[in-house]
Structure formats: structure tokens, C-alpha cells
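Each reported figure results from applying straightforward, stated rules to the coordinates on display, with no laboratory input. These figures come from a predicted structure and were not determined experimentally. Ideal geometry is used to build each Cβ from the backbone, glycine not excepted, and the neighbour counts take in all protein chains shown.
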Amino acid sequence: MATGQPYPDCNSRRGFDQRMGLGKSSRGDHLTGFSAQEAFDAYEAVRHRLPEARPTEVTYRQVETLDDIAHEFDVFLLDAFGVLNIGDTAIPDTPDRVRSLKAAGKRVLVVSNAAGFPHTTLLEKYSRLGYDFAPRDVITSRATLLSEINGQSGLHWGLMATPSAGLRDLEELKLSYLEDDPEPYETVDGFLMIGSAVWNESRQAMLETALLERPRPVMVGNPDIVAPREYGFSKEPGLFAHRLADRTGVVPQFFGKPFANIYDLAFQRLGHIDRSRVLMVGDSLHTDILGASSAGIDSALISGYGFFAGHDVEAAIKKAGIVPNFVVGRP
């Protein structure tokens, strides 16, 4: 997708698997190997499972950085991938931007679909990248999922996750990793999908077969279909969850952006606040901007990094009908 190239209608594409971009990359199986346009099409293909966008005219303000609109807001909710960092690299000048916002008396929170890592691991990562966030100011889809299943510790869950990430935060749950042994797929009471770095087609097939044979609850801790990395887009749990829903009829319950549950958790942390003074900042129309719209708060789409870096943001906004209040060149 070159700058200025229109986004085609996803319904004209060849089949669900093609739209979902299940290719391999030279950098490894965890990367999709597809373009920003194909990622856009994948989100458009599952719009029926996402919150509805509020009807609006395609109007927004373009600014260079968040400093240009800082005086208009008291609270900034920042996505992580594409706003704070790309993979394991901080976006240039953004640690300083966050510090300047805090110095101006702004409340700055991370609101991220980072379900695959324990809370302490994320805090350590942000610290390495030059950010200083208080533990309660990092709100993740992992925490959102755990707030829902708290008290269901008697259930046995099959876990789609990366074992090397560890099980901190999940100690109270009865879990079995979903790997290459078919037994857990057959016996567990439900499934948690939080990390896909080591997931593969064989495991996906076993999960789909298990649900066709005996439908059970599926809870998705990361609704993202893809995430921007240093070398392309990575496959995220949402990609496999939507495939699963189409192939088995079992519709997962999603936790995280664009769904209301993560915003509800953020507002619990914020306490009494004027929502007209809250801004969600993200790089994805279908998660950050759509989620902000459904939560009734303003949003800013980052255009120079992350999902739309180097691509035609205006065409994407018009095609999706998901309109931010601002388009910001860089955080």
C-alpha cells in the first residue's frame, strides 16, 4: 500500500484466511508477512464483532505532536506499541514527551492490549525504554481479563501463552498450557488466549477441533489481530480468535481495546474525572480510535509510527468510517 493508495473493500478479497494474512515471514513464523493494507482488511473483515463506530463526518485536526494539544486535556491514555515503542525500541523523543506532560500536571496512563506479559515485566520494559510509570498507571487487557475471571478459580483453563513469559499474575488460576499434547484441549473447562508468539497451525487446528466436539468458553486477553514490530506485523491472539469463531461458531469474549471493559478499568483507576478532558492516543483505527469512540472520549491517531507509518491515513479513515479527533504526526 503506497501513500495515497485507496483501501479496497475487504469483501472483494479471496476468503477469510487470505484476508487474515496467515503467511510466513523471513523473520519467523510469528510475523504475518503482510502489509498495512492487508492488516487493515483483516480488521475490516471482523467489524461485525467489534463495537460500532459513532456516526460522524470525516473531520479531524492535524497536529505535529501531543504538545500541540496538551492544553486541551487533563488525562492522556497512551497505547504502547506504535505510541511508546516499536517492539523493544522506544519511539524517538517520546520518553521526553511523557515526562513533559507529567511535569505540566497531566495524568498519563498506559492502556495496552499487552496480555502476554506479567505486569512487572511490562514495568521493567518501560523503565528500560526510559519511561517512568507507576504500577497502577499501566492498564492492560491482561488485568482486564483477570478482573473478569476473578472468583472462577475452580475452573480448569487451557492457556494459549508463551511459557517463557511466566505465570505471574495468573497464580490463582488452574492452568494447562496448550502445546502439542491433545489431552488438555479435550479436558479443560475453557480457554484463555493471551499470547501467540509460539502458537502454530497445528495447535490452532487442535483448538478448533476441540471446540467443534465440545463447545466451551473462550476468553481472549488480546483482541489485536496484529502488532507493529521492528520487522513487520506480528500475529496476535485476536487473529486466531476470529478464525476460531468463524470456523467453530464459538464466539469468544474479548478483553481489551476496542471493547469497553478496558476503558471501564481505566476510569476506575482515574476516579472522578471530566471525560471531555481525556484523550486516547493510539496508532490503530480499529482498536485505539474505535475503542475511544465507544467509550465516549476523544482520540488521537499517530500517523508517523506504528500501523500507518508511511501510508495514507486519510484514505483509511474514510474507508473504515472510524474518525479520530486528531491525527498526530508523532507522539
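Some points to look at:
- Restricting the stretch 104-188 to trypsin sites (Lys or Arg not before Pro) in coil, as DSSP defines it, with at most 12 other Cβ within 10 Å: Arg168
- Electrostatic tally near Ala227: other residues with Cβ closer than 13 Å to its Cβ, Lys and Arg +1, Asp and Glu -1, net -4.
- Acute angle (nearest 10 degrees) that the helix 260-270 long axis makes with the longest principal axis of the chain, alpha-carbon atoms: 50 degrees
- Compared with the dominant Cα axis of the chain, that is its longest principal axis, helix 237-248 is turned about 50°.
- For the stretch 264-289 and the stretch 61-112, distance of Cα centres in Å: 13 Å
- Val251/Glu148 FRET efficiency (R0 22 Å; Cβ-Cβ; nearest 0.05): 0.90
- Protection proxy ranking of 271-278, 191-198, 241-248, by the mean of other Cβ atoms within 10 Å over each peptide's residues and highest first, is 191-198, 241-248, 271-278.
- The separation of the stretch 145-223 from the stretch 299-324, counted between C-alpha centres, amounts to 33 Å.
- Cross-linked pairs Lys235/Lys318; Lys102/Lys319; Lys102/Lys125; Lys257/Lys318: Cα-Cα separations exceed 27 Å for Lys102/Lys319.
- Between the helical axis of 94-103 and the longest alpha-carbon principal axis of the chain there is an angle of about 60 degrees.
- Estimated 222 nm signal from helices in the chain, with DSSP H stretches of n ≥ 4 weighted -39500 (n - 2.57), rounded to 500: -8500 deg cm²/dmol
- GNM result for the chain, Cα springs below 10 Å: residue of Ala295, Ala90, Ala315 fluctuating most strongly: Ala315
- Placing a label point 7 Å from the Cα of Arg54 along the Cα-to-Cβ direction, no residue of the stretch 236-254 has a backbone N closer than 20 Å.
- Straightening the chain between Arg61 and Asp132 buys 22.6 nm, computed as 0.36 nm per residue apart minus the Cα-Cα spacing.
- Max mean-square fluctuation residue, GNM over the chain, Cα-Cα springs under 10 Å, options Leu155, Leu265, Leu290: Leu155
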